[in-house]
Amino acid sequence: MLNPLPSAQWNYETAAHLLNRAGFGGTPEEIEAVRRAGLEQAVAQLLNPPKQLEEIGNSDEPWDVAHDLHLRRMEKRRLKKEPNGRAMLREARREERDEIGDLRYWWLRRMRDTRAPLLEKMTLFWHGHFATSAQKVRNAYWMAQQNHTLRRYALENFRTLLKAISRDPAMMVYLDVARSRRGHPNENWAREVMELFTLGIGNYSEEDIRESARAFTGYRLDLRNQEFAYLRFQNDGGEKNFMGRHGNFSGDDILDLIVAQPACPEFIARKLCRFLVEDEPTPRMVQTVANMLRGFDFELRPVLSSVLTSADFYSERARRSQIKSPVQFLVQSCKLLETELPGRRAANVALRQLGQMPLAPPSVNGWDGGKSWITTSTLLFRYNLTNYLINGTEGESDLAPGLERAPLDLSEIIPADLREEPEALIAQLARRLYQASLGEKQTQTFLTYLKTRGSDRSDATMRRLIHLMMSTPQYQLT
């Protein structure tokens, strides 16, 4: 398994597949540049992107200000006692939600415009893996710091990332680590770190949960500087029995013991294969990737390099086999159409209706993905969203009533001379939207549409053609 792709099979379609799975797609020009670079160089560039500004925004952005959460809480308590306090409290909470919305939109823009697509794609992967919701955390600064942590370690070492997440303020609030103390350990983090983040059900015992929870007592948040703090006097320093081992284990010791379990590399390998390769990876592929994780001591770059250069990754079984997630659908559609994202409100409406709100996963399980992305209502809304992206508020979209959006500028997508050559026009649009040639039956469908328009080759006709092509089952796949 994971034998390198033969050089003869590296072409426009395989280059497009790499950008789709290891990023958010690309324009024909971007795909062609990747093809010319060659497979090994293209993957190396994805794994070692140019240095970007890694700070979370700037001082003008609300989530970049280290809010004194203690003062905020005291202010809320004071408001509750004021005559008009409830209304003021609602306004304070609305402001908090607005900050989360700003952060979400900032991340979407970054996905749309990044020069490091694999870094952003893996940040999204780890967000779904270490699922944390702002609906409970209710602090944009902490959610932003977690996003920054996921990005910092997204291509690095899984064990290092796991330890960083155990000290992450948003995760500590979400799974109640900060409430755990000696004599009263909270077991939420201890359970989920094994069940959902590292091992999977059946690879630990209830005693392992209880004993490991004791090791994380004393983990606290310093509300003055918004950072992790360790209170030794609140930590249970007694001997613990965990995974058949005995000792005065710290939280980091527990995580080292978890990662050393045979089930851990297999668990992570399966999730990586499902995300990058196919929804139902073969046991042989999972075991191969697990062996590599173990062999490289959980360093992610060499493992990802082997996956992304392998013939298995580019096989007919893997290509165009996954349903685009809502985030992938939105961001990739904007890239392919070479247009800006919808405004913040419209983007939020779209992602909520489609079933994937970044920073607000439905549970600690994250999103199910796969076929769950498509229902009768979400498929209809995908059509509605593409109509909005193409026709703006001149179309019949109810995506964001009252929010103006201009129709798509066709100058970069459909040169004027192509409008009188239907077959060449459809072939070029297929190369952009599907990154593949169309079969005769599909081509005939779109040719028939153009024939019904007679000699009309107006922008409206061209936009309708693009919308028809983006409303096909083929467009929903990546």
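Just so you know, all these numbers are worked out from the coordinates, no wet-lab data involved. Just so you know, these numbers come straight off a predicted model, no measurement behind them. We place every Cβ from the backbone using ideal geometry, glycine too, and count neighbours over all the protein chains shown.
Of the listed peptides 451-460, 113-122, 371-380, what is their order by residue-averaged count of other C-beta atoms within 10 Å, with the highest listed first?
Going by the mean number of other Cβ atoms within 10 Å, highest first, we get 113-122, 371-380, 451-460.
Which whole-Hz ³J(HN,Hα) couplings does the stretch 332-346 yield from phi under the Karplus relation 6.51 cos²θ - 1.76 cosθ + 1.60, θ = phi - 60°, glycine and proline marked x?
Once rounded to whole Hz, the list reads 5, 4, 5, 5, 5, 7, 6, 10, 6, 4, x, x, 4, 5, 5.
State the percent of C-alpha pairs, over all pairs in the stretch 184-343, separated by a distance greater than 25 angstrom.
Summing the P(r) tail past 25 Å for the stretch 184-343 gives 51 percent.
Show the residues, 5+ positions off or on another chain, whose built amide H is closer than 5 Å to the amide H of L477.
Residues meeting the criterion, in which the H sits 1.01 Å from N, are K324.
With θ set to phi - 60° and the Karplus curve 6.51 cos²θ - 1.76 cosθ + 1.60, what are the ³J(HN,Hα) couplings of the stretch 459-468 in order, to the nearest whole Hz, using x for Gly and Pro?
Per residue, the Karplus-derived 3J(HN,Hα) values read 4, 4, 5, 5, 5, 5, 4, 4, 5, 4 Hz.
Per-residue counts of other Cβ atoms within 10 Å, averaged by peptide: what ranking do you get for 32-45, 250-263, 321-334, highest first?
321-334, 250-263, 32-45
Rounded to the nearest 10 degrees, what's the angle between the helix 28-37 long axis and the longest principal axis of the chain, both from Cα atoms, 0 to 90?
Value to nearest ten degrees: 70.
Rounding to the nearest 20 debye, state how big the charge dipole of the chain is about its Cα centre with +1 on each Lys and Arg Cβ and -1 on each Asp and Glu Cβ.
Roughly 1160 debye, rounded to the nearest 20.
Going by amide H atoms built from the backbone, whose H comes under 5 Å of the H on S310, apart from near neighbours?
The list, which skips near neighbours in sequence, is L5.
Mind jotting down the distance between the C-alpha centroids of the stretch 97-136 and the stretch 242-273, whole Å?
27
For K371, which aspartates and glutamates qualify as cross-link partners when the Cα separation must be under 16 Å and same-chain residues fewer than eight apart are set aside?
E278, D279, E280
Take the stretch 326-394, compute every pairwise Cα distance, and split them into 5 Å bins from 0; I just need the percent in each bin.
3, 16, 29, 25, 16, 7, 2, 1
For the residue pair T448 and E156, what label-to-label distance in nm results when each label sits 7 Å from Cα along the Cα-to-beta-carbon direction?
A separation of 5.6 nm, rounded to one decimal place.
Report, to one decimal in Å, the Kirkwood hydrodynamic radius for the stretch 211-270 based on all distinct Cα pairs.
12.9
Which one, Q234, S205, Y141, is farthest towards the positive end of the dipole of the chain when Lys and Arg carry +1 and Asp and Glu -1 on their Cβ?
Of the options given, the answer is Q234.
What are the ³J(HN,Hα) couplings of the stretch 167-175, residue after residue, when phi is run through the Karplus curve with 6.51, -1.76, 1.60 and θ = phi - 60°? Round to Hz, x for glycine and proline.
So the J values, rounded to whole Hz, are 10, 6, x, 5, 5, 5, 6, 5, 10.
Among 427-439, 100-112, how do they line up by average Cβ neighbours within 10 Å per residue, starting with the highest?
100-112, 427-439
If the chain between A33 and E340 were fully stretched, how many nm would it gain, using 0.36 nm times the residue separation less the Cα-Cα distance?
Residue separation times 0.36 nm, minus the Cα-Cα distance, leaves 108.3 nm.
Can you work out D for the stretch 278-359 in µm² s⁻¹ from Stokes-Einstein, where Rh is the Kirkwood radius over C-alpha pairs, the temperature is 20 °C and the viscosity is 1.002 mPa s?
Result for D is 139 µm²/s.
Taking a virtual spin label 7 Å from the Cα of D297 along the C-beta vector, which residues in the stretch 133-170 bring their backbone nitrogen under 15 Å of it?
From the stretch 133-170, the list is 156-161.
Tell me the net charge near W373. Cut-off is 10 Å between Cβ atoms, W373 excluded, with +1 for each Lys or Arg and -1 for each Asp or Glu. Before the final figure, lay out the partial values.
Working: positive: K324, K371, R382; negative: D368.
Once all neighbours under 10 Å are counted, the net charge is +2.
Cα convex hull of the chain: mean projected area in nm², to one decimal?
If you wrap the Cα atoms of the chain in a convex hull and average its projections, you get 25.4 nm².
May I have the pair-distance distribution P(r) for the stretch 88-239, computed from all Cα-Cα distances with 5 Å bins from 0 and rounded to whole percent?
All Cα pairs, binned at 5 Å, distribute as 2, 9, 16, 19, 19, 15, 10, 6, 3, 1, 0 percent.
Report Rg/Rh for the stretch 416-476, rounded to two decimals, where Rg is the Cα radius of gyration and Rh the Kirkwood radius.
Using Cα coordinates only, the ratio equals 0.92.
Under a plain spin-label model, where a point goes 7 Å from the Cα along Cα-to-Cβ, how far apart in nm are N248 and I201?
So the label points at N248 and I201 sit 3.8 nm apart.
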